[in-house]
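The values are calculated or read from the model by the stated rules, or taken from the named source; none is laboratory data. Since the model is a prediction, treat every value here as computed from it, not as a measurement. Here the Cβ positions follow ideal geometry from the backbone for every residue, glycine too, while neighbour counts run over all protein chains shown.
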Amino acid sequence: MGTREVPEGRVFSDLLAEDRLFDPPASFREQANISDGGARAAAASDPEAFWAGLAGELEWDRPWDRVLEWETPYAKWFVGGKLNASVNCVDRHARTRRRNQAAIIWEGELGDRRTLTYWDLYREVNKFASALKSLGVEKGDRVAIYLPMIPELAIGMLACARIGAIHSVVFGGFSAEALRDRINDAQAKVLITADGGYRRGQIVPLKHDADYALRETPCIEHVVIVRRGDFPIRIHEGRDHWWHRLVDDVEAKCEPESMDAEDILYTLYTSGTTGKPKGIIHTTGGYLTGVCATTKWIFDLKDTDVYWCTADIGWVTGHSYIVYGPLAAGATVVMYEGAPDWPERDRFWQIVEDYGVTVFYTAPTAIRAFMKWGAEYPARHDLSSLRLLGTVGEPINPEAWMWYYEHIGKQRCPIVDTWWQTETGMILISTLPGVDRMKPSYAGHPFPGIEADILDDQGKPIEGQGGGGYLAITKPWPAMLRGIWGDPERYQQQYWTKWDHDAYFTSDGAKQDSDGYFCLLGRVDDVLNVSGHRISTMEVESALVDHASVAEAAVVGVKHEVRGEVPGAFVTLRQGHSPGPALETDLKQHVVNKIGAIARPHQVIFAGELPKTRSGKIMRRLLRDIAAGRVLGDTTTLADSSVVEQLKKQYEEGGQEE
């Protein structure tokens, strides 16, 4: 990597260059589902025909009349077509040779295990769909789901889809207040929860927390409880029902609803780190087309694969790439309930070895944690079954990419670095592992049929090298969000008014190199303005993590009387390294050497952990509050809120260095 001069007129300064390229093994190319670039050309010449071909791989009750109707900001895909998501994920496989193939391989944190074949899944989904109908749930009703990572979470989603109910999954780590707000916004009729769950050996009291939420949710008529353990709970007679008793008392078969392609499949609430949570709407036909196609092509899934996405289903990654995409593709999916470091820091690698996982998809946050813990943990296990690695959730810095490639993939597994959002529903930018060379920290090209561009403040394309801008999606895509539940004005204002022409504003910064590869620079509200230069925090963080002592870094802007803003850095160190003034000086100089004096951190704060949301994203909003000495905001979405107080104390003790 090297540094680059900053030209004038760019939205973001482009500071780090990446010149390393890695080819997928020839043996991988030979067997890949997509092994040449013809799909991109075909999609570019006739995108509607391209998407229609992929939609045709699903099972439809009625074919569509038109592929696309587009009137900004609303799209309708496969207009007039009818299908059912549950049928596509379960029934059509249960009728074939796949009926006895494992659909879900589940491991609980305590080591308990269950395997559901496609036939098992078919029976369980049918029974629970009948149970929901027995509670009066009808097409269009909303059902809230508040569960740990257990098979009933996927079964509940598919059962809702079967009868046309709209599910709204709330991450099992959220507070009672967060659950309450999401239930009330969706006006959910039924809540599905569990007596409890496990996290790092501790009991998560889900039913207890749900009871607090239900004090202020008059829309809820029934609560269904999964018995995960034998936890003491209170039963509200007439309202609360045990899952296992309900399914024993209903018909074992439930006929699926034939859903319009544009009928709502689910809502999912997202807030990032700021603002009122918003219910993102995803519909049926286009969404299922997008996630099934990207699963097959980007993860190169085969019938022989054992696929593991480590996300929680409470996030969109779990919806799209644990449940709907892989199951529509007929994959064998691993689900794990617990934490990656419990009871030991090699738990993930033990699971890979035990089940012969072949495709592994995780977050940069997790990879940087693995780096911090040390390569000795994966080295304890046989990871030779792995053939493809993936990353998702935020930009991955080059050092973490290389560690993943070398220590987990052993330099033989292609890495797909995927960019997408809750709002996009499906992966939009990634390499195709049988086609493209890989470049550390560069996600790659848009998926075939996706048109992306980098625009400036006026909406004009930023061409060539030398700077970054705003990532925009310039044409509609099948899995795109259809709005925000109950708030069409917010939908239009947030995503479609940045420029005076049709383009979806992603709120992310990006740059594109001479090979056409996109590199994501993080959210545009995470950009520093240092002496008139707009610098991506991701690039400064990448420079810090490039230092041999650093496992993870977060950079925020600190107000400065002369330069406007200066970088403030929070870092966690790898095992065997100790904080101190000498290391702080060394890290600052390392950034200068990698990028230039403009990016030199104003101060470096050493932290045992960084404050993160429960999805693993660093809460830079809180770090900015700490750096500015402001009163901390809401910390209910923190994995460990005590981390913030510790960091605040360290920063205050460190003073304001010039």
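Structure data summary
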| read-out | value |
| --- | --- |
| Segment 323-337 - residue that is under 19 Å from Thr193 (Cα atoms) and of a type in the set (A, V, I, L, M) and, of those, nearest to the chain's Cα centre (by Cα) | Val323 |
| Pairs where the first residue, in segment 547-558, is more than 19 Å from Ile626 (Cβ to Cβ) and at pLDDT below 90 and the second is assigned to a loop (DSSP other than H, G, I, E, B) and polar (S, T, N, Q), C-beta under 8 Å, 6+ apart | none |
| Boolean, Glu57 is at pLDDT 95 or above and more than 28 Å from Val250 (Cα to Cα) | yes |
| Condition check for Thr193: assigned to a loop (DSSP other than H, G, I, E, B), of a type in the set (Ser, Thr, Tyr) and either under 25 Å from the mean Cα position of the chain (by Cα) or at pLDDT 95 or above (or both) | no |
| Segment 483-506: number of residues that are part of a strand (DSSP E or B) and farther than 24 Å from Asp263 by Cα | 2 |
| Subset of segment 240-261 [assigned to a loop (DSSP other than H, G, I, E, B) and in contact (Cβ under 8 Å) with a residue 24 or more places away in the chain] | Asp249, Val250, Glu251, Ala252, Lys253, Cys254, Pro256, Glu257, Ser258, Ala261 |
| Some residue of segment 232-240 being on the phi > 0 side of the Ramachandran plot and in contact with a helix residue (DSSP H, G or I) (Cβ under 9 Å, 6 or more places away or on another chain) | no |
| Test: Gly486 is surrounded by fewer than 16 Cβ atoms within 10 Å (Cβ to Cβ) and in contact with a His (Cβ under 9 Å, 6 or more places away or on another chain) | no |
| Condition met for Leu587 (assigned to a helix (DSSP H, G or I) and farther than 20 Å from Ala17 by Cα) | no |
| Residue check, Val223 in the same structural domain as Lys127 (by TED's automatic domain parsing), surrounded by 12 or more Cβ atoms within 10 Å (Cβ to Cβ), β-branched (Val, Ile, Thr) and in contact (Cβ under 8 Å) with a residue 40 or more places away in the chain | no |
| Unique residue being under 20 Å from Leu622 (Cβ atoms) and either out of contact with any Lys or Arg (no Cβ under 6 Å at 6 or more places or on another chain) or of a type in the set (Ser, Thr, Tyr) (or both) when the list is Gly564, Gly580, Gly516, Gly557 | Gly557 |
| Lone unmet requirement of (1) at pLDDT below 95; (2) assigned to a strand (DSSP E or B) for His167 | (1) |
| Filter result for Val604 (in a strand (DSSP E or B), modelled with pLDDT of 90 or more and over 30 Å from Thr317 (Cβ atoms)) | yes |
| Residues that are assigned to a loop (DSSP other than H, G, I, E, B) and either within 19 Å of Leu481 (Cα to Cα) or touching a Lys or Arg at 6+ places or on another chain (Cβ under 6 Å) (or both), drawn from segment 291-339 | Ile313, Gly314, Trp315, Ala329, Gly330, Ala339 |
| Residues of segment 349-381 classified as assigned to a helix (DSSP H, G or I) and either among the acidic types (Asp, Glu) or in contact with a strand residue (DSSP E or B) (Cβ under 8 Å, 6 or more places away or on another chain) (or both), total | 13 |
| Selection from segment 149-179 of residues that are within 17 Å of Val224 (Cα to Cα) and among the aromatic types (Phe, Trp, Tyr) | Phe171 |
| Residue within segment 392-399 that is out of contact with any Gly (no Cβ under 9 Å at 6 or more places or on another chain) and either free of Cβ contacts under 8 Å to residues at least 40 places away in the same chain or surrounded by fewer than 19 Cβ atoms within 10 Å (Cβ to Cβ) (or both) present | no |
| Test result for Arg162, surrounded by fewer than 24 Cβ atoms within 10 Å (Cβ to Cβ) and of a type outside the set (Gly, Ala, Ser) | no |
| Residue in segment 514-527 that is in contact with a Leu (Cβ under 7 Å, 6 or more places away or on another chain), over 18 Å from Pro364 (Cα atoms) and surrounded by fewer than 20 Cβ atoms within 10 Å (Cβ to Cβ) present | no |
| Residue match in segment 388-406 (condition: farther than 21 Å from Ser542 by Cα and touching a strand residue (DSSP E or B) at 6+ places or on another chain (Cβ under 6 Å)) | yes |
| Residue match in segment 187-196 (condition: surrounded by 14 or more Cβ atoms within 10 Å (Cβ to Cβ) and more than 24 Å from Asn126 (Cα to Cα)) | yes |
| Any hit, segment 131-143, residues being within 23 Å of Arg347 (Cα to Cα), touching a residue at least 40 places away in the same chain (Cβ under 8 Å) and assigned to a helix (DSSP H, G or I) | no |
| Test for Phe28: is it modelled with pLDDT of 95 or more and surrounded by 17 or more Cβ atoms within 10 Å (Cβ to Cβ) | yes |
| Contacts under 8 angstrom Cβ, first residue in segment 178-205 being outside the structural domain of His236 (by TED's automatic domain parsing), partner assigned to a helix (DSSP H, G or I) and crowded, with 24+ Cβ neighbours inside 10 Å, 6 or more apart | none |
